1. Tell me, what ³J(HN,Hα) does each residue in the stretch 280-294 have, in order and in whole Hz, if you take phi through Karplus 6.51 cos²θ - 1.76 cosθ + 1.60 with θ = phi - 60° and put x for Gly and Pro?
2. Please express the Cα-Cα pair-distance distribution P(r) of the stretch 92-228 as a list of whole percents, one per 10 Å bin, running from 0 to the bin with the greatest distance.
3. Would you give the gap between the C-alpha center of the stretch 283-345 and the C-alpha center of the stretch 373-415, rounded to a whole Å?
4. Using modelled backbone amide H atoms (1.01 Å from N, in-plane), which distant-in-sequence or interchain residues come within less than 5 Å of T274's amide H?
5. Hey, rough spin-label estimate for D118 and K503, points 7 angstrom out along Cα→Cβ, what's it come to in nanometres?
6. What Kirkwood Rh does the stretch 460-518 have if only Cα atoms enter the pairwise 1/r average? Answer in Å.
7. Mind checking the per residue accessible area of the stretch 10-95 for me, 1.4 Å probe, whole number of Å²?
8. Under a crude label model (7 Å from the Cα following the beta-carbon direction), how far is R265 from R109 in nanometres?
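The values are calculated or read from the model by the stated rules, or taken from the named source; none is laboratory data. Keep in mind it's a predicted model, so treat the numbers as computed, not measured. Every residue, glycine as well, gets a Cβ built from its backbone with ideal geometry; the counts of neighbours run over all protein chains shown. For the accessible areas, the whole protein counts, side chains as well, though only heavy atoms, and no ligand, DNA or RNA atoms are used. Shrake-Rupley method; radii C 1.70, N 1.55, O 1.52, S 1.80 Å.
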Amino acid sequence: MSGVRLRTLGDFGLYRAGGERLLGAGKPLALLAYLNALPGHSASRDHLLHTLWADLDEKSGRHALRQTVWYLRQQLGDGALAVRTGRVSLSAPIDADVGEFLALVEAGRLEDAVAAYDGDFLETFVVPGGLGFEQWADAERHRLRLLFRRALEAFARSDLARGRHRQARALATRLQQADPLDEASWRLLIETALAAADRVSALADAARLSDLLAAERREPEPATTSVLQRLEDEPLHGEPPPTPSMVADLVGRERQLSTLVSAFREVARGRGRTVEVVAPAGLGKTRLLRDFARHSSASGRDAVYVRALPADRELAWSYAGEVVRHVTKLPGAVGVSPAVAATLSSLDPGVASRWPGVTAPSPAGGERVRHRVAAVAELLRTVADERPIALLLDDLHWADARSRELLGRVSARLSDAPVLIVGAFREGIPVGLGAPSDPITLDPITVEQTATLVASLGAWSEEKLVPDFAARLHATAHGSPMLVLETLKLAVDSGCLTLARGKWRCADRARLDSLLEAGAAPPGGSVNSIRPPAGCCCYSPSPRPRWWQTSSPPRSARTGPASASASTSWSSAGW
């Protein structure tokens, strides 16, 4: 397709020839990349639903697919995609970096192929509800990475044979960095150093490789042992020098979701991690955690979601009790010792039935705190022995001080256990989980992302309204996804907009203009149907529209991982 380029190696996006980006991370780009890679650039509608919208029922999935096709046609032209007899087809292949790379490899142009490979295929690209897509992308990533590594090694050995030692070592370094656990790349790196008579670098490489193998508890391959032994036996000439309801897609949070997914993959290798998600109210902390819970569950991993409520602040240990209640539902929890079970029962008496005959202890003061910290840490360790677990702690700014202290001390004890602890709280409110100093942050969504969010709910019957409306809606909502949804709800309730059969229509442009300019409720100032999350007015770095109200959901509104939804309805509680 002339004039546009699909980039999926290293970076990802759809760009015009001049560099303008048409599409970023999201379902439209995923659909385009998938169709472009398929033989014939075509797939059945049912196959696409299973691949990209498996988290939705059939009706909602078909609606989401229609909206995505519509959105791509707006960006690429009406003839870009064809929908016939239950199949979706890309009418013409797109100029793509993957296609260029494959053609260069096939032609034997190794230097150009290595230069064209800017990074792994869709490495940090995560699609909510698209487990099938991610599995395909993993396989494609592995295939392309293998081709790249073969081309890179062949090119390095070619330079080495021609005496271009510096260039060969640079290529070998790139090969080793692409897969630090591949011993063949380490052997090539050592070989380039020896070829350049740089024994110091060769010894340094060998020492790093030995440390890596020891840390991974791996025995070296026979070829590696031979190289290391040869280096050790040679005389030493120097010392070695010392990474819908209506469903709205998750928009603008793909990078943060992929960060959490990558963290969980790291945890699965036995390295505990604590991650903080910090953002003002309404920017999507809850939605991000719930989508991550769904993604983890679909991938066969356990994710426990526990949300604090304003009422928790005045009840010592109440939030810790909620955490215990949710975690003890997992199968491995029955394996804790009787003493630990008794202490856990003191935090939430309701879990005592898991261990018949256990009596809760009654230590006082510091002993009680110490016992409870040790018991919760042991519970998480025992559950994680079955399989890795992610503990998602939402709205921690509402949790009581005792529970926050306990969770912070627990996280410090789990650095060597396959447990991921994610704490979400509002910007500017200290919580103290002992996490790294570089938390995940959520910025307001952009105008482009606002338009994408609206388009995921319905297509516009008046195309000329789209850019102006998205910009003005973005300004009214201050880039808050929750406020975007609430503003749309207000516009529909007041009759300015209608949404029927997947189509947006403007029923009263003057009234819509007035609503967007003022951000105000209809006369009387009451919008009873709008129910933002509990206490969202307590902290706000940006002005709210005047119709903004607050309400506190009851304790029964708590949801565990089974009810964490990957889609958002008209209610904005998911944000």
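1. Values per residue, Gly and Pro as x: x, 4, x, 9, x, 4, 5, 4, 4, 5, 5, 5, 5, 4, 5 Hz.
2. 11, 34, 31, 18, 5, 0
3. That distance is 8 Å.
4. Residues meeting the criterion, in which the H sits 1.01 Å from N, are I421.
5. Spacing of the two 7 Å Cα→Cβ label points: 4.0 nm.
6. Details: mean 1/r = 0.0873 Å⁻¹.
So the Kirkwood estimate lands at 11.5 Å.
7. On the way: 3820 Å² over 86 residues.
That works out to 44 Å² per residue.
8. According to this spin-label approximation, the distance is 3.0 nm.
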